[in-house]
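The values are calculated or read from the model by the stated rules, or taken from the named source; none is laboratory data. These figures come from a predicted structure and were not determined experimentally. Methodologically, a virtual Cβ is constructed for each residue, glycine included, from the backbone with ideal geometry; neighbour enumeration extends over all protein chains shown. Heads up: the accessible areas ignore ligands, DNA and RNA and are worked out on the full protein's heavy atoms, side chains in. Shrake-Rupley method; radii C 1.70, N 1.55, O 1.52, S 1.80 Å.
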Amino acid sequence: MCGIVGQFNHGDGTPMGDAVLSRMCAAIVHRGPDHEGHFVDGAFGMGMTRLSINDLEGGHQPLSNEDGSIVVVCNGEIYNSPELRRDLEARGHRFASHSDVAVIPHLYEEYGEDFVRHLDGMFAVALWDKRARRLCLARDRVGIKPLYVAARPGAVAWASEITALMAGGWCDDLDLTSLHHYLSLGYIPAPGSIFTGVRKLEPGTQLTVEQGRQPVERRYWQLRFAPESPARRDEEYVEEVQAALRSAVKSHLLSDVPIGVFLSGGVDSSGLVGLMSEFATQRIQTFSVGFEEKSFDELELARQVAARYGTDHHEIVVRPDALRVLPALVHHFGEPFADSSAVPVYYVSELAHRNVKVVLSGEGGDEVFAGYETYLAGKLAALYRRLPGVVGRSLLPAVVRRLPVSHGKVSFDYKAKRFVAGANLPLADGHFWWKVVLSEAVQSELCTARPDDPHLETAALYRAAAERAGSDDWLARLQAIDAQIYLPDDILTKADRMSMAHSLEARVPYLDTKLVELAARLPSDVKLRRFSKKWILKQALAKHVPASILQAKKRGFNVPVATWLRNELHDMTADVLSPAALRRVGLFEPSYVQRLIAEHGAMQADHSRPLWTLLVFMNWYDMWQSARAAGRVASVAAHPPVPTPAVGLASRES
């Protein structure tokens, strides 16, 4: 695990130097504090910061083949490296390192640019072919590891985090299209970024740049949700999923340092603990986060699992004043990112870092096995549309609009209002409506600066993703949307940045390639059985997870931001989103924002997501502008202010 950076002046051949690489590496030193390595070859240069996980002494990067003609840096883990190494050695290749990354230059010798198809793992790779003067950049299949790419005529730069590109002088102008998508979703979907000229390399994609030629991008993998037909017996599917789960967890334990588990108290993370117990050679360490607000707290469920498996269990309780850490979060994301659950992930990562270097985490289980409430909503919407017109379009929506506002965890009034507003929309648009933060209509009133394209719609991204599903099955299309957009650009972005902020590697076994491809072939009825979400996963994990958790209502990893904004964080909100502050930025209509604040405070509406989205953006904007004005982007990005955690800590052994 590490952070990677680089630059290639492929047009005029301007020589590279160590100074630029050093500035870029300094901005992401938290990703790899154990070692820094550079490689320069004329107009080409790349660097890395390493977090030592495998081959602690001999795995320093960059790594090369026998004669040094192929050089590579890689952020991530190659889980099938033992098998690849054995095959390559049989073909005559010789290795100077036992690192999992060491197989990559030799794979390139054998297969050229198709080397990436042989890798199974989470990775962002930069490979340099000295003889061909060729750069190959590649990102893993589902987007677990990030890779930003910046381009100008005759030059390209890349980095694991956008702050490194800021440090290298590549981030100048705000991209209003990406700002529009951010306001719609609370994050920026790939390939966009908050800056013009900087983009995310999409999952399953490879970029090749050669001296004197135009860059070429190609997709080497695309997940297709194509439920098999005819369906087989349930027992066959259960056995197949069980075998794939065990194989995934076993492969993800490849490490020369101890591995822990993020334990939320849900099915996914509890299953990881149970499966890991089959292979663990020492006591498992588990890490959980909770809240003072009871409807948001799941610590008791996590304790049940910890007790069952006798783990060394650690807990943390996040309180409202923990949001003093918001500036640090903004720095680590590097661009606006408004998923408020990043706050507890930040703190539980800090807790885990005190004890281990690597954790397993349950991200991906909901997307792969259909665990979201929004999938149930899609099923219910089909029934809703059969209601008589006067009931479905007039009477019921009128009743729902009169429901009192609650700031509880995913409250009934919130779900009911979202449901009736989107139930009559086409499939992809209805799914988008569940996720939208600020609608197109609201943005037209809120935003004083708009993208050039008057027809821009964030929902169009959802429609396009649904078309790429590979199936007309309604659930397959919804899962394809989440797998292509929500999973890599929200869920995995959050997991990567918050864990790496504390030099902690988070691995996600539910996104193992073979497991993901298997789940995509499963019939929808096996994943969503009537109104039981993740039915097949629960059957497969029945021996490993307590019945109380298997039968519990899904609660999600939500944060009580609505209550915090109305009480403890009210003054901060009023200050950051004051008319004077908004006029200084010049992007949002102050009177509209003040109305949102007033209605939320009076509990006339729940505007917590829009307000949080604006709060995060304003904090990010101030960071960016301050860094530009001071001419010290590198130092600001490398050393974000991190206050003393205002949280409750507990460590317990079960």
Any chance the stretch 110-123 includes a residue that's in a helix (DSSP H, G or I), open to solvent by less than 20 Å² (accessible area, probe 1.4 Å) and aromatic (Phe, Trp, Tyr)? yes
When the stretch 337-351 is checked residue by residue, the ones that are in contact with a helix residue (DSSP H, G or I) (Cβ under 8 Å, 6 or more places away or on another chain) and over 15 Å from LEU487 (Cα atoms) are SER340, VAL343, VAL345, TYR346, TYR347, SER349
When the stretch 187-205 is checked residue by residue, the ones that are surrounded by fewer than 22 Cβ atoms within 10 Å (Cβ to Cβ) and outside any loop (DSSP other than H, G, I, E, B) are ARG199
Flagged pairs (Cβ under 6 angstrom, 6 or more apart or on separate chains; first in the stretch 161-180, at positive phi; second among the small types (Gly, Ala, Ser) and surrounded by fewer than 23 Cβ atoms within 10 Å (Cβ to Cβ)) are none
The residue that is modelled with the highest pLDDT, considering only those in the stretch 625-636 that are part of a helix (DSSP H, G or I) and surrounded by fewer than 21 Cβ atoms within 10 Å (Cβ to Cβ), is GLN625
Counting only residues in the stretch 1-45 that are closer than 22 Å to SER255 by Cβ and among the charged types (D, E, K, R), the one modelled with the lowest pLDDT is identified as ASP34
Considering residues that are part of a helix (DSSP H, G or I) and either touching a helix residue (DSSP H, G or I) at 6+ places or on another chain (Cβ under 6 Å) or closer than 24 Å to LEU263 by Cα (or both), the number found within the stretch 505-538 is 16
GLU210 passes all but one of the listed conditions (1) in contact with a Lys or Arg (Cβ under 6 Å, 6 or more places away or on another chain); (2) more than 30 Å from HIS313 (Cβ to Cβ); (3) buried (at least 22 other Cβ atoms within 10 Å of the Cβ); the exception is number (3)
*Would you be able to say whether some residue in the stretch 571-593 is within 28 Å of the chain's Cα centre (by Cα), under 24 Å from ILE491 (Cα atoms), modelled with pLDDT under 95 and not acidic (Asp, Glu)?*
no
Exactly one of THR14, THR49 is touching a residue at least 24 places away in the same chain (Cβ under 8 Å), β-branched (Val, Ile, Thr) and open to solvent by 10 Å² or more (accessible area, probe 1.4 Å), and that one is THR14
The residue from LEU254, LEU272, LEU245 that alone is part of a loop (DSSP other than H, G, I, E, B), under 12 Å from PRO509 (Cβ atoms) and among the aliphatic types (A, V, I, L, M) is LEU254
Per the list (1) under 21 Å from VAL508 (Cα atoms); (2) at pLDDT 90 or above, residue check on GLU298 breaks on (2)
(1) within 20 Å of the chain's Cα centre (by Cα); (2) closer than 24 Å to TYR79 by Cβ all hold for VAL289 apart from (2)
Of the conditions (1) open to solvent by less than 20 Å² (accessible area, probe 1.4 Å); (2) at pLDDT below 95; (3) among the polar types (S, T, N, Q), the single one that ASN567 does not satisfy is (1)
Residue hits (the stretch 451-486; closer than 22 Å to LEU438 by Cβ and of a type in the set (Asp, Glu)) are ASP452, ASP453, GLU457, ASP482
Flagged in the stretch 539-578 as outside any loop (DSSP other than H, G, I, E, B), closer than 22 Å to GLU373 by Cβ and not hydroxyl-bearing (Ser, Thr, Tyr), in numbering order, are GLN539, ALA540, ALA547, ILE549, LEU550, VAL561, ALA562
Query raised in the report: Taking ASP173, is it closer than 30 Å to ALA542 by Cα, among the charged types (D, E, K, R) and open to solvent by 10 Å² or more (accessible area, probe 1.4 Å)?
Result: no
Checking LEU487, LEU478 in turn, the sole residue that is within 20 Å of SER341 (Cβ to Cβ) and touching a residue at least 40 places away in the same chain (Cβ under 8 Å) turns out to be LEU487
Selection from the stretch 140-185 of residues in a strand (DSSP E or B), within 21 Å of ARG213 (Cβ to Cβ) and under 21 Å from the mean Cα position of the chain (by Cα) yields VAL149, ALA150, TRP158
Considering the stretch 224-258, residues that are touching a residue at least 12 places away in the same chain (Cβ under 8 Å) and of a type in the set (Asp, Glu), and then whichever is surrounded by the fewest Cβ atoms within 10 Å (Cβ to Cβ), we arrive at GLU228
Next on the checklist: Condition (residue is buried (at least 19 other Cβ atoms within 10 Å of the Cβ), of a type in the set (A, V, I, L, M, F, W, C), within 21 Å of the chain's Cα centre (by Cα) and closer than 27 Å to SER229 by Cβ) applied to the stretch 431-442: is it met by at least one residue?
Outcome noted: no
Exactly one of ALA581, ALA605 is open to solvent by less than 40 Å² (accessible area, probe 1.4 Å), farther than 26 Å from GLY290 by Cβ and either in contact with a Cys (Cβ under 7 Å, 6 or more places away or on another chain) or part of a loop (DSSP other than H, G, I, E, B) (or both), and that residue is ALA605
Selection from the stretch 46-79 of residues at pLDDT 90 or above, of a type in the set (D, E, K, R) and in contact with a strand residue (DSSP E or B) (Cβ under 9 Å, 6 or more places away or on another chain) yields GLU77
